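Notes for the one structure printed next.
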Amino acid sequence: MSAREKILKQIRLNKPAETLLPEKIDFDSNFIDTETKFTESLAAVYTEVIVVSNPDDLRQKVKEMYAGVVNRATTIPELSDWADFSLNISDPHDLETIELAILRAEFGVAENGAIWISDNHLPHRALPFITQNLAFVIPRKSIVGNMHDAYKILADTTGWGCFISGPSKTADIEQSLVIGAHGARSLVVFLLEESEK
């Protein structure tokens, strides 16, 4: 028997025991402090997270942060009289002059700072991508641990939606980081405390 045949024989004899796959694979994220991780993940991509206690607190914070900004649009009913740009338009090209959009989003993902927004709260799909500055308002208790948890929520979702994390950025040209190259130049996330009903 040649050395090659001996080696192949030994390989054939050395078969590990079969390992059965679990019936259900679960990526548990219950051990994560989701809000802290969410804040850290977004800080890493140049995004500030601000906790606001109620709609009045949100309104006050928005007025302070964006004083002097014009062409403001929002999908938040409590900020409708603060906005000076109507989203009641039929042609999305009319959005090109928007400086700031403050939008309601469904939830955030702690592991990567992604925020899910869909047609449920968005009159024009182009809005979060065409505005110069973007802010999301999400319920404080609606942060999930990881993308597996997120997709469980989205299992029965129909229609359009996407995850957004941080302002637009690229380093394609000479490895120089450019913020706002293909979309919003800034992103702020407001975590809104929801009153117990």
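The values are calculated or read from the model by the stated rules, or taken from the named source; none is laboratory data. Computed from a predicted model, the values in this text were never measured in an experiment. Note that each Cβ is placed from the backbone with ideal geometry, even for glycine, and that neighbours are counted across all protein chains shown.
A few notes on this one:
Residue-by-condition table, conditions (1) touching a residue at least 24 places away in the same chain (Cβ under 8 Å); (2) aliphatic (A, V, I, L, M):
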{"position": "Ile50", "(1), (2)": "yes, yes"}
{"position": "Ser53", "(1), (2)": "yes, no"}
{"position": "Tyr66", "(1), (2)": "yes, no"}
{"position": "Pro77", "(1), (2)": "no, no"}
{"position": "Ser80", "(1), (2)": "no, no"}
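- Here Asn146 qualifies as closer than 17 Å to Ser165 by Cα, surrounded by 16 or more Cβ atoms within 10 Å (Cβ to Cβ), in contact with a Phe, Trp or Tyr (Cβ under 7 Å, 6 or more places away or on another chain) and at pLDDT below 95.
- On inspection, Ser168 fails the criterion of being modelled with pLDDT of 90 or more, among the polar types (S, T, N, Q) and under 26 Å from Ala83 (Cβ atoms).
- All positions within segment 1-35 that are modelled with pLDDT under 85 and surrounded by 10 or more Cβ atoms within 10 Å (Cβ to Cβ): Phe27, Asp28, Ser29, Ile32
- In segment 1-46, the residues that are in a loop (DSSP other than H, G, I, E, B) and among the aliphatic types (A, V, I, L, M): Met1, Ala17, Leu20, Leu21, Ile25, Ile32, Ala44, Val45
- Among the residues of segment 76-115, just one is closer than 19 Å to Asp56 by Cβ, surrounded by fewer than 20 Cβ atoms within 10 Å (Cβ to Cβ) and under 19 Å from the mean Cα position of the chain (by Cα), namely Arg104.
- Of the residues making up segment 156-197, those that are among the charged types (D, E, K, R), in contact (Cβ under 8 Å) with a residue 40 or more places away in the chain and either farther than 17 Å from Val137 by Cβ or not in a loop (DSSP other than H, G, I, E, B) (or both) are Lys169, Arg185.
- Condition check for Val49: among the β-branched types (Val, Ile, Thr) and at pLDDT 95 or above: yes
- Verdict on Ile50 being touching a strand residue (DSSP E or B) at 6+ places or on another chain (Cβ under 8 Å), outside any helix (DSSP H, G or I) and over 17 Å from Ala184 (Cα atoms): yes
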